[in-house]
Amino acid sequence: MTTTSTNTGPRQPRTAVLGQLPPIRRPDGSAIKVLLVDDERALTNLVTMALKYEGWDVDVAHDGREALTKFAATDPDILVLDIMLPDVDGLRILQRVRAAGTYTPVLFLTARDSVSDRVTGLTAGADDYLTKPFDLEELVLRLRGLLRRGVEPTASADETEDETLHVADLTLDVASREVTRAGERVELTTTEFDLLRYLMRHPRRALSREQILEQVWNYSFGGRTSIVDLYVSYLRKKVDRGREPLIHTIRGVGYQIRPPR
């Protein structure tokens, strides 16, 4: 699929992966519903085309008020949300979505690529982010990763729905998706939860960044492992801040979770 480039829009895919991967569908067999929110119409046209290659049902909003109306009306499986909108910004939209008790996976599109901007977006409750300009294939792969964790049934024999994991005073309940540390609730995004679950399923094991990418994000990001470091830093702020640390860096390898010695 060939696309044109703008300063903030999608870039031409590097490989022909769009529409070539095994389909992801809702549990009832119907098409995945995506709500795409961005005020750049050229961008939404290109992204819509790419997502329809996946067989997904795409609805589009070009401002915040329209986004909130359509979100309530369509109950999408995933939300792709620009931060900078002409009326209600994406952060406020996400806060309203989360305040309503809705845990739809959310990926932010943003022209802001500083660490502080990424922290703001992810701590507001987003599950992933992608900076503009971006590759359409990377957007699709990231969305597939979020959907795979939220829509597809788990295939591994050791991943039971009633599983409860413990490392020291940290507890993770798979069925309720609740995490507590010393009895206090820890609020995590979808991606943070899945990262912590993977670490807790392998306590005391040194896990490489590549392993984590494959198991949590379901693809390699082209070998760019910095996203693992970023999410581990967010996880530490929520799980370890003010407490004896459980998540440790293994130099030259990756990360490990273990009880205090």
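Side notes on the structure shown:
- Number of the condition not met by Leu107 [criteria: (1) of a type outside the set (D, E, K, R); (2) assigned to a loop (DSSP other than H, G, I, E, B); (3) within 20 Å of Leu130 (Cα to Cα); (4) touching a strand residue (DSSP E or B) at 6+ places or on another chain (Cβ under 9 Å)]: (2)
- Meets criteria (more than 28 Å from Leu143 (Cα to Cα) and outside the structural domain of Leu107 (by TED's automatic domain parsing)) for Arg201: no
- Single residue of segment 195-208 satisfying the filter (among the basic types (Lys, Arg) and more than 17 Å from the chain's Cα centre (by Cα)) that is surrounded by the fewest Cβ atoms within 10 Å (Cβ to Cβ): Arg204
- Selection status of Asp135, surrounded by 17 or more Cβ atoms within 10 Å (Cβ to Cβ), in contact with a Lys or Arg (Cβ under 6 Å, 6 or more places away or on another chain) and modelled with pLDDT under 90: yes
- Test for Leu246: is it under 23 Å from Arg142 (Cβ atoms) and not assigned by TED's automatic domain parsing to the domain that holds Phe108: no
- Residues that are touching a residue at least 40 places away in the same chain (Cβ under 8 Å), under 21 Å from Leu147 (Cβ atoms) and assigned to a loop (DSSP other than H, G, I, E, B), drawn from segment 67-101: Asp75, Pro76, Asp77
- First in segment 129-149 and on the phi < 0 side of the Ramachandran plot and assigned by TED's automatic domain parsing to the domain that holds Asp38, second anywhere and part of a helix (DSSP H, G or I) and basic (Lys, Arg), Cβ under 7 Å, 6 or more apart: Tyr129/Arg118; Leu130/Arg142
- Within segment 176-189, residues that are under 19 Å from Tyr231 (Cα atoms) sit with their Cβ atoms under 6 Å from residues that are surrounded by 13 or more Cβ atoms within 10 Å (Cβ to Cβ) and among the polar types (S, T, N, Q), at 6+ positions apart or across chains, in these pairs: Thr180/Thr171.
The values are calculated or read from the model by the stated rules, or taken from the named source; none is laboratory data. Here the structure is a predicted model, which is why all the values come from computation and not from measurement. A quick note on method: Cβ atoms are made from the backbone with ideal geometry, for glycine too, and the neighbour counts reach across all protein chains shown.
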